[in-house]
Amino acid sequence: MVSKENNILIRLEDVWKIYRMGEFDVPALQGINLTIKAGEFIAITGPSGCGKSTMLNMIGCLDMPTRGKVLLEGRDVSEYKSNELARVRGKKIGFIFQTFNLYPTLTALENIQLPMRIHEIPERDVEENSKKLLVTVGLAERGSHFPAQLSGGQQQRVAVARALSTSPSILLADEPTGNLDTKSGGEVMEVFKRLNSEGLTIVMITHDPRVAGYAWRVVKMLDGKIVGET
């Protein structure tokens, strides 16, 4: 469940991430404070190398801070054992990447079903839910197609459906339209917009102002710091 404190899903408190490069410490994040509430749609923007992807990794519990805390539904993620955190992350957080990351030897339907089978969801539910998700992303007639038989926009929509397959609390997207043309990118963003209107929390990285315009909040980053919000 989400934190009862204003429906907070994830909170970053004074988060620093410092990498050791030879004799030097290189800060990727410097004192980040960010609160993400249930139902929000947030875009994180900024120039290349500003720390956007590192912050998304923190939000997704894929990496641990050097200093500070990441709270998932009110609990410090550093308290989880690694296998416990992987299980929680797999169920509560959906990930979408710029490069789709679909398995080429699996059909669209099978790609969507894979996370559900990994998490041992009953087979009857796997079949039913995967078909519903294809409808959700507008690909009901493409379930038997392999990724190579789909356009880039269709592949990304399959990736969206796959990310939703375990009914996560939050969807994280790293440049979800970065490899798409304007029309295909717009189709993916309309799916995001509809999912958010139905209550799904979304956080995405983007360098495209048009894509950022779909979000409720735009968090601007520079040199590992949050420098503004609109």
Seminar exercise, completed: Only unsatisfied item for LYS132, checking (1) of a type in the set (Lys, Arg); (2) over 25 Å from GLU190 (Cα atoms); (3) modelled with pLDDT of 95 or more, is (2)
Problem set entry | Tabulated pairs, region 202-230, first among the aromatic types (Phe, Trp, Tyr), second open to solvent by 10 Å² or more (accessible area, probe 1.4 Å), C-beta under 6 angstrom, 6+ apart or interchain | TYR214/LYS193; TRP216/GLU40
For this session: Among the numbered conditions (1) under 19 Å from the mean Cα position of the chain (by Cα); (2) of a type in the set (D, E, K, R); (3) under 25 Å from GLY152 (Cα atoms), tell me where GLU110 comes up short.
Result: (1)
For this session: Looking for whichever is of a type outside the set (Phe, Trp, Tyr) and within 14 Å of the chain's Cα centre (by Cα) here; the options are ALA212, ALA140, ALA173, ALA148. Which one fits?
Result: ALA173
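If you go through region 13-32 one residue at a time, do you hit one that is touching a Lys or Arg at 6+ places or on another chain (Cβ under 9 Å) and part of a helix (DSSP H, G or I)?
Here is the first cut: in region 13-32, the residues touching a Lys or Arg at 6+ places or on another chain (Cβ under 9 Å) are 13-18, 26-32.
The next check asks that each one be part of a helix (DSSP H, G or I); those that pass are none.
No.
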Exercise. Does ALA148 qualify as being surrounded by fewer than 19 Cβ atoms within 10 Å (Cβ to Cβ), among the small types (Gly, Ala, Ser) and more than 30 Å from MET55 (Cβ to Cβ)?
Worked result: yes
For this session: Please work out which one of (1) open to solvent by 30 Å² or more (accessible area, probe 1.4 Å); (2) free of Cβ contacts under 8 Å to residues at least 40 places away in the same chain; (3) in contact with a Phe, Trp or Tyr (Cβ under 7 Å, 6 or more places away or on another chain) is the condition GLY68 fails and give its number.
Result: (2)
Exercise. If a residue has to be part of a strand (DSSP E or B) and of a type in the set (Asp, Glu) to count, how many in region 49-90 make the cut?
Worked result: 1
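The values are calculated or read from the model by the stated rules, or taken from the named source; none is laboratory data. Just so you know, these numbers come straight off a predicted model, no measurement behind them. Here the Cβ is made from the backbone with ideal geometry for all residues, glycine too, and neighbour counts use every protein chain on show. For accessibility, only protein heavy atoms count, side chains too; no ligands or nucleic acids. Shrake-Rupley method; radii C 1.70, N 1.55, O 1.52, S 1.80 Å.
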